[in-house]
1. Given the residues B:GLY281, B:GLY262, which is the only one that is out of contact with any helix residue (DSSP H, G or I) (no Cβ under 9 Å at 6 or more places or on another chain) and open to solvent by less than 20 Å² (accessible area, probe 1.4 Å)?
2. I'd like the full set of residues that are within 15 Å of B:THR147 (Cα to Cα) and open to solvent by 10 Å² or more (accessible area, probe 1.4 Å), limited to the stretch B:47-73.
3. Take A:GLY194 and tell me if it is more than 11 Å from chain B (Cβ to nearest Cβ), open to solvent by 10 Å² or more (accessible area, probe 1.4 Å), at pLDDT below 95 and out of contact with any helix residue (DSSP H, G or I) (no Cβ under 8 Å at 6 or more places or on another chain).
4. So which pairs qualify, if the first residue must be in the stretch B:196-212 and among the charged types (D, E, K, R), the second must be in a strand (DSSP E or B), the Cβ gap must be under 6 Å, and the two must be at least 6 apart or on different chains?
5. For A:SER250, only one of the following conditions fails: (1) within 14 Å of chain B (Cβ to nearest Cβ); (2) open to solvent by less than 20 Å² (accessible area, probe 1.4 Å). What is its number?
6. Mind checking whether some residue in the stretch A:201-217 is within 14 Å of chain B (Cβ to nearest Cβ) and assigned to a loop (DSSP other than H, G, I, E, B)?
7. Which residues, taken from the stretch A:125-140, are open to solvent by less than 40 Å² (accessible area, probe 1.4 Å) and either polar (S, T, N, Q) or closer than 21 Å to A:ASP63 by Cβ (or both)?
8. Considering only the stretch A:167-191, state which residues are within 13 Å of chain B (Cβ to nearest Cβ) and open to solvent by 20 Å² or more (accessible area, probe 1.4 Å).
Amino acid sequence: MSVRALILLCAALFAGTAHAATTALPKDPLHSGQWPTMARLFLGEQVVFDQRVRLLAPPEAEDSMNFPVLVDASQLAAEAGPIEEIVVFADYNPIPLVLKFQPGRAAPRLGFRLKLQQGTPIRAGARTADGVWHVGHIEVDAAGGGCTVPSLAHGNADWSSRLGEISGGLFEREQGARLRFRVMHPMDTGLADGIPVFRIEHIELSDADGALARIEPYEPVSENPLFSLDLPSSSAISLAGRDNNANRFSAEIHP
Amino acid sequence: MSRLFTALLGALFSAAAAADFDYRLEAQQIAPGVYVVEGDTEHFTFENGGNIVNIGFIVSDDGVLVIDTGPSRLYGEQLRALIEQTTDQPIVRVINSHHHPDHFFGNQAFADLPIAALPETIAAMQAEAGGFADNLYRIVGNAMFGTEVIMPTQTLAPGEISLGQRRIELLALSGHTAADLVVLDHSSGVLFASDMVYYQRAATTPHADPAQWLQSLDRLEGLQFDILVPGHGPVSDAAAIAQTRDYLQWLTAHLAAAAARGADMAELVFSPLPERFADLGAMPAEYMRSVAHLYPRYEERHLPEPAVANVQ
């Protein structure tokens, strides 16, 4: 066992003890000064770091307007029971809260893209039925590569005519299906001069059996958000959502 | 006062350190009068000062043609000194093969000479040089000291140009970027393939159109040459074209298949690379970058408009 692993193990044991005694927040292995604030804002009383909440993402942001992340709490769900909610946040983003996801009958796994302002930890907290938040994280370098070009905001004059347009597809898997869908929406953060916050507030997914899952994207989610979810079957899916200007949009996606 | 002093000291120190940055450039003669200054096969780093690129120069009895100028002012100055040590012939013309910063940020050292590029290249430089400069300063740091963007002063057209007794042909291709200039010296059989061709180093794709690129490779393969100088990687021959094609074909097929099965972009980042590509320079970082550049075009094809949609 390496020294580092030993230290981590000791830290984990110590954190575990502290947790039992005082429900103190576990010490952040990424040493982010924001961690206590993030945990207080977005999580609850009971927080543990848990590697069964996996985040799949590149180590560096090539396009800081579209940084891909896949959060996967399926191993945790298999071992600790259903996940009620997943909250994703990026400590050093000017708006840290990225999204909330209630997987419902979908797998506790969600792919999406977000905007990054600088290098930051990205974390996902998954809440099990006992109220405990299981937190997984990665650290991302947003310095970019040699030919990284600052992305141009979509200068399309016709963006408003396509607002709320949904496109997507169902991809059959061995069990169930992968759903991918995109909603045309600027997802304005309110941080650019003269452009107020304009974002999708929630998207509900349902099938013939009723409600399936719910996504609440916040400002950091990329423009024209594209989501990947894993569903129990490949039957037709209804999507319905609204934004903070009360625009409503809906679509049905058939296999 | 002490703060000012510290700031001054810092400024002096960094200026001295930058002025000291020695790229250790060497001119390698690959044919009579034809030289290559070879760069590392890695990514830009603080240590390599951005020297990841191959620069060429061709000496005639009527002056020297320089192909690309490197990633920084210091590189450009050291390149010019190297050329002047290597030959008594004066530099008569400088060419920028395309608009990526490692190929033209050394222009400053040649500002008193005619610098030429394809018109689409000049337009792309104007649009993107500022972002490139920010990025290179951030990654490379000190060696970039004092680098300013100097634009080409002449536009090029494809065709033959005269350089003393030499027969030199310029080809305007595209695919790596919107305009990629390739230089063929018929007299020596040397092809300066620019970033159309990478060898033992992964291709970069931030402005790539892979289909176009593959077509351009077909055209390159039809040319008569003996020695090929890739934009990045060791001097080679037609084998370098085959390697670049092989990689682009694998990459595009891999991304298309992933999009067809509904893979999320994040799921592709750690895809195992075929063995023949895994050890190329700048891997796997360059593959990861290509996923970000190219995957959106493939997934687009598998996101059809739904049968029923409603916006209120």
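The values are calculated or read from the model by the stated rules, or taken from the named source; none is laboratory data. Since we're looking at a predicted model, the values are computed, not measured. Reconstructed Cβ throughout: ideal geometry from the backbone, glycine too, with neighbour counts over all protein chains shown. When the accessible area is computed, the model is the full protein with side chains, heavy atoms only, and any ligands, DNA or RNA have been set aside. Shrake-Rupley method; radii C 1.70, N 1.55, O 1.52, S 1.80 Å.
1. Details: B:GLY262 fails: out of contact with any helix residue (DSSP H, G or I) (no Cβ under 9 Å at 6 or more places or on another chain).
After ruling out the rest, the residue left standing is B:GLY281.
2. Looking only at the stretch B:47-73, we keep the residues that are within 15 Å of B:THR147 (Cα to Cα), and these are B:49-51, B:69-73.
Answer for the stretch B:47-73, where residues must be within 15 Å of B:THR147 (Cα to Cα) and open to solvent by 10 Å² or more (accessible area, probe 1.4 Å): B:ASN51, B:ARG73.
3. Numbers: more than 11 Å from chain B (Cβ to nearest Cβ): yes; open to solvent by 10 Å² or more (accessible area, probe 1.4 Å): yes; at pLDDT below 95: yes; out of contact with any helix residue (DSSP H, G or I) (no Cβ under 8 Å at 6 or more places or on another chain): yes.
Yes: the conditions hold for A:GLY194.
4. So the pair list comes out as B:ARG201/B:HIS232; B:ARG201/B:GLY281.
5. Against the list (1) within 14 Å of chain B (Cβ to nearest Cβ); (2) open to solvent by less than 20 Å² (accessible area, probe 1.4 Å), A:SER250 comes up short only on (2).
6. Scanning the stretch A:201-217, I find no residue that is within 14 Å of chain B (Cβ to nearest Cβ) and assigned to a loop (DSSP other than H, G, I, E, B), so the answer is no.
7. Once the filter is applied, which keeps residues that are open to solvent by less than 40 Å² (accessible area, probe 1.4 Å) and either polar (S, T, N, Q) or closer than 21 Å to A:ASP63 by Cβ (or both), the stretch A:125-140 yields A:THR128, A:ILE138, A:VAL140.
8. Across the stretch A:167-191, the qualifying residues are A:LEU170, A:PHE171, A:GLU172, A:ARG173, A:GLU174, A:ARG182, A:MET184.
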